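To start, the structure under review is shown below, and the notes come after it.
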Amino acid sequence: MDPNVQNYLYRNPQFYELAYPETNDETPMMCRRMFSRYLPKPPRSILDLGCGTARDLDSLSKECPDCWGVDYLAEVIGFARKQRPHLHLQSGDARHVRLDRTFDVIMSMGSAFMYALTDTDVARTLETFVAHSHPGTLLILDINNAASYLGGEHFKPTSELRVDSPQFTAEAHSIYSFNRRQQTLARRRVWTIAGQGKVEDFCEYRMFFPAELEHLLSERGFRVAGMFDNMRLQETDLCGPRLYVPAIFHP
């Protein structure tokens with residue numbers, strides 16, 4: 001992650017799941033569909049790079065006994081450890097972390113891979129995937145779908161978010177800019193938080209097109225098994241705003 005990123009929810013992880021609830025366990029359920037479709041048997045080990053509060057890992061740990069999570073921000077890991085002490089969690093940079101072992105599944109969800117802004121960052125992050133893979137490892141990426149921006153209809157210059165709970169009440173107004181030449185998406189967001197006033201944050205993301213991503217992965221030994229713009233893993237023309245990519249490691 002770019003150290004210049006300022007995200008209020010990353011610095012206050014106790015509010016993250018209130019702002020982005022998954023009442024039906026949507027992301028872990030999608031992962032389970034991929035396990036069933038692309039693995040010969042249920043995984044016995046999972047690594048989540050950019051695990052955040054480790055909500056996804058917590059759910060998946062019900063069936064998988066060996067779940068590890070790494071996140072760039074120490075405060076996020078500190079929060080996750082208190083909430084989910086049964087998981088193996090540590091702070092680390094996805095470009096450089098080495099755990100000296102491999103996993104049946106590697107996940108990079110919630111646009112975490114998109115924080116690799118430069119070609120060097122992308123290459124180093126991909127090498128981290130390789131370093132923790134063995135033949136047959138399933139890599140799952142969840143990122144923005146740059147292809148959906150080609151026609152322009154999916155690019156929204158602004159968005160609104162409201163969180164209304166006893167623990168956290170806030171409204172956020174976001175302004176986006178899309179740099180087509182550099183393939184980057186920037187978000188400037190202003191929070192109006194009850195009891196705190198206004199707080200600004202900023203994030204920048206690398207955008208990946210489907211064919212580009214498939215080429216990058218194949219160069220490192222990952223065979224893309226599918227690309228989807230929906231969590232049901234149904235085949236479409238990839239016009240949706242998200243891209244879910246399962247890839248199998250065959251060095």
Of the beta bridges DSSP finds with both residues in the chain, what % are antiparallel, to the nearest 5?
70
Can you classify the range 68-174 as rounded, prolate or oblate using the Cα gyration tensor, where a ≥ b ≥ c are the square roots of its eigenvalues, rounded means a/c under 1.5, and otherwise it's prolate if a/b beats b/c and oblate if not?
oblate
Report P(r) for the chain: all Cα-Cα distances, bin width 10 Å, range 0 to the bin holding the largest distance, values in whole percent.
7, 31, 39, 21, 3, 0
Would you work out the charge dipole size for the range 149-204 about its Cα centre, treating the Cβ of every Lys and Arg as +1 and the Cβ of every Asp and Glu as -1, and quote it to the nearest 20 debye?
240
Using amide H atoms built 1.01 Å from N in the peptide plane, name the residues 5+ places from Glu63, or on other chains, whose amide H lies under 5 Å from its own.
none
Quickly estimate the mean residue ellipticity at 222 nm for the chain, helices only: each DSSP H run with n ≥ 4 gives -39500 (n - 2.57), and the total goes over all residues, rounded to 500.
-6500 deg cm²/dmol
Which percentage, to the nearest 5, of the DSSP beta bridges contained in the range 176-217 is antiparallel?
100
Residue by residue through the range 59-65, the couplings from Karplus 6.51 cos²θ - 1.76 cosθ + 1.60 with θ = phi - 60°, in Hz, x for Gly and Pro, are 5, 5, 5, 5, 10, 10, x
Under a point-charge model restricted to the Cβ atoms of Lys and Arg (+1) and Asp and Glu (-1), what is the dipole moment magnitude of the range 134-238 relative to its Cα centre, in debye to the nearest 20?
260
Listed residue (Pro43, Ile248, Met30) projecting farthest to the positive dipole end of the chain, Cβ model
Pro43
Considering only C-alpha atoms, what is the centroid distance from the range 156-185 to the range 26-71, in Å?
27
Which of the lysines could a cross-linker span from Lys82 if the Cα-Cα distance has to be under 30 Å and same-chain partners fewer than 8 positions apart are dropped?
Lys62, Lys198
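Since every read-out is calculated from the coordinates, none of them should be taken as a lab result. Here the structure is a predicted model, which means the values were calculated and not measured. Here Cβ is always computed from backbone atoms with ideal geometry, including for glycine, and neighbour counts include all displayed protein chains.
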